[in-house]
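Take a look at the structure below.
The values are calculated or read from the model by the stated rules, or taken from the named source; none is laboratory data. This one's a predicted model, so the numbers in the text were calculated from it and none came from an experiment. Every residue, glycine as well, gets a Cβ built from its backbone with ideal geometry; the counts of neighbours run over all protein chains shown. Accessible surface is based on the protein model in full, side chains and every heavy atom, while ligands, DNA and RNA are left aside. Shrake-Rupley method; radii C 1.70, N 1.55, O 1.52, S 1.80 Å.
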Amino acid sequence: MQFARAVEVYEQIEGTTKRLEMTGLLVGLLRDTPPEDLDKVVYLTQGRIHPDYLGVELGLAEKMVIRVLAHATGLDEGRVEKLWKEKGDLGLVAEQVIASRRLKPLESTPLTVAKVYANLDSIAQEGGEGSQERKIRLLSDLLSNATPREAKYIVRMVVGKMRLGVADMTIVDALAATFATKTDRDRVERAYNVSSDLGEVARVLASKGLKGLESVHLKLFRPIRAMLAERLETLDEILSRLGKCALEYKYDGLRVQAHIGTEKIELFSRHLENITGQFPEIVEGLRSAVKDRAAILEGEAVPVDPNTGEFLPFQEVSRRRGRKTDVDKMAMEFPVTLFAFDCLLRENDDLTPRPYRERRKALDSILRPNDRIRLATVRITDSVKEAEQFFDEALQAGCEGLMAKALESTYDAGARGFQWIKFKKEYSAALSDTIDLVVVGAFAGRGKRAGTYGALLMAAYDEQADVFRTTCKLGTGFDDETLRHLPDKFKGSQRERRPPRVDSKLEADAWFDPEAVLEVRGAEITVSPVHTAAWDKVRPGAGLAIRFPRFTGRWRDDKKPEDATSTKELLEMYNLQIKRARKPT
Ligand code: ATP
């Protein structure tokens, strides 16, 4: 098929914002497309060459495309660049300069969809020595045969900015309308949700028709679109809706879909991006934790501070992109633990149509938990009281709430429904203010922090008793220089034993007289059985802890330890926060 036909439809699609109209236009295009080009047209319409999860990126550098455009049109590079600055869209520039080019090619062949796709694919796949030159040649080859309008879309594609505004679900609608009837739309969508590959769905529809979709199954190393959760206001509502159900801790991290084969393990994000390279410690952990070798698991990856054993905010690992050495360093510094909550494939057996109960059982049986891979904590109940207690436990453990799951629910890929209901609390506002805490002890560092302290033990001041009670371990927010000098800095106030004015359940590696005051920012205050601030005040046998504490960099030399935040203030802040705690976001 001529590429011009697709471009004609793209122009019309750009002219509308109405989904129904877009669908109609797409149906027209798909009907005109011969079976062998169908998947290619679908990918090109999405502005890509392969499904997302394969990670094949076009994204040529704009500078390079400018060079090719200048070359193809006989224009000066500076002139093309100036036009780009004016228009901000290299596609529009391409359209203009190709239209007004002085050097017309001696002969040109109309572009076909197959030719455009093949060249773009080669551009995306080229790598290694001399690849720049080959990419330039492939693009020049297309541009010298392109009409101005074709050039516009080709250039947008190569720089990774196609942005036609056609949602994947609109393509699903169009495919259903082209190959089936409206009532069969769900079957088409299901195939897409399971395969995450619209090109594949198009290919199957074109070659085997609607019936062929039944052969689209969950497959190792091809991610499935994630099942999503609805939310409800109270645990009461959740339990009335689901009845007896499974409540799981809701971990605050990054959703990971792990595909475990005999030869390799691959990890995918919630957006189906291949993130294997970013989490070497999960891959390593899975290797020993999973007995079965053809499995797909889902879980939440949470960074853990190896010095304190506590969860860290996810930002600590979200910077894990780029060079492998950096990733390895960060994996040592802030390793993540994967809390597995679902099992979608076992021994190549697709478990998604099976009820939650069965999938969880499969998960429990194939996993041998280790430091890096653990099972999500779960409780099955129909009691609101028990659920509330479990919710508090989840918060204490550093989680952001609960995920309720219907016991009989199947895994509905890509769907957001009431089979899963999230219940979390709001925080952050309560601790928008910083607090000032007193250093009372320290823990020896490990890994990169060997030889200095890994974390400081921080306390709030109890005015009534005139003692300092611990409320967190502080390990983040220090620059390297400060870290290195910590032992020196505290040498003068170090004591052999816990000073009498310090109340702590934790055994620190070094104890200090309460002197230094540090400004700390935290995410919220949680109930904790290990910290002694406001002990017994909220719950018997528990104190208050600061979650995600971070040193702001400010030493409050202007404050005496008795001027630090008091345990009474912490309690007030906690109460303020708890007022909103059962109100979900
Ligand atoms: P969503 O993923 O629903 O679009 P979101 O990205 O804002 O929303 P949340 O509202 O925080 O995320 O809740 C859903 C997410 O919670 C899941 O996508 C998953 O990453 C995470 N999660 C943590 N623990 C669990 C669990 N036990 N079961 C399922 N999901 C969990």
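So if R0 is 51 Å, what FRET efficiency would K361 and S140 give, r being the distance between their Cβ atoms, rounded to the nearest 0.05? Between K361 and S140 the formula returns 0.30.
Note on N348 and S100: with the Förster distance fixed at 56 Å, the Cβ-Cβ geometry gives a FRET efficiency of about 0.45.
When the charge dipole of the chain is built from unit charges on Cβ atoms (+1 for Lys and Arg, -1 for Asp and Glu) and taken about the Cα centre, the candidate among V9, V336, S195 whose Cα reaches farthest toward its positive end is V9.
Projecting label points 7 angstrom from Cα along Cα→Cβ for E214 and K115 puts them 4.2 nm apart.
Extension gain for the segment T181 to E284, taken as residue separation times 0.36 nm less the Cα-Cα distance, is 32.4 nm to one decimal. Applying 1/(1 + (r/R0)^6) with R0 = 60 Å to the Cβ-Cβ distance of Q464 and E107 gives a FRET efficiency near 0.05. For the range 434-582, a Kirkwood hydrodynamic radius built from all Cα pairs, placed in the Stokes-Einstein relation at 20 °C and 1.002 mPa s, yields a translational diffusion coefficient of 141 µm²/s.
I'd like the distance between the alpha-carbon centres of the range 193-257 and the range 113-173, rounded to an integer number of Å. Taking the Cα centre of the range 113-173 as reference, the centre of the range 193-257 is 31 Å away. Once the Cα-Cα distance is subtracted from the 0.36 nm per residue extended length, the D371 to F221 segment shows a gain of 51.6 nm. The residue among S383, G417, Y356 whose Cα reaches farthest toward the positive pole of the charge dipole of the range 354-435, with charges on the beta-carbon of Lys, Arg, Asp and Glu, is Y356. The accessible area of T23, taken with all protein chains in place and a 1.4 Å probe, comes to roughly 20 Å².
Of the cross-linked pairs K40/K82; K219/K422; K135/K161; K473/K560, those separated by over 23 Å at the C-alpha level are K40/K82; K219/K422.
Across all Cα atoms of the range 48-159, the radius of gyration (one decimal) and Dmax (whole number) stand at 13.4, 42 Å.
For K85, the aspartates and glutamates whose Cα falls under 20 Å of its own Cα, not counting residues fewer than eight places away in the same chain, are E62, D76, E77, E95. When all alpha-carbon pairs of the range 327-374 are counted, what percent fall beyond 15 Å? Counting pairs separated by more than 15 Å, the tail of P(r) holds 53 percent. In degrees between 0 and 90, to the nearest 10, how far off the longest principal axis of the chain does helix 384-396 point, with axes built from Cα atoms? With both axes taken from Cα atoms, the answer is about 90 degrees.
Considering helices alone, the calculated mean residue ellipticity of the chain at 222 nm is -12000 deg cm²/dmol, with DSSP H runs of length four and up weighted by -39500 (n - 2.57) and normalised per residue. Only alpha carbons enter this Debye calculation for the chain, each as an equal point scatterer, and the log10 of I(q)/I(0) it gives at q = 0.05, 0.06, 0.07 Å⁻¹ is -0.30, -0.43, -0.57. Taking label positions 7 Å along the Cα-Cβ direction at both A415 and E230, the computed distance is 1.2 nm, reported to one decimal. When the P(r) is computed for the range 94-179, the part past 15 Å accounts for 65% of the Cα-Cα pairs. Between the Cα long axis of helix 356-366 and the first principal axis of the chain there is an angle of about 80°, rounded to the nearest 10.
Amide H to amide H, with H built 1.01 Å from N, R495 comes under 5 Å of W511, F512, D513, counting only residues 5 or more places away or on other chains.
Axis angle, to the nearest 10 degrees, between helix 324-333 and the longest C-alpha principal axis of the chain: 20 degrees. Could I have the simple spin-label model distance between N575 and A397, label points 7 Å from Cα toward Cβ, reported in nm to one decimal? So the label points at N575 and A397 sit 3.0 nm apart.
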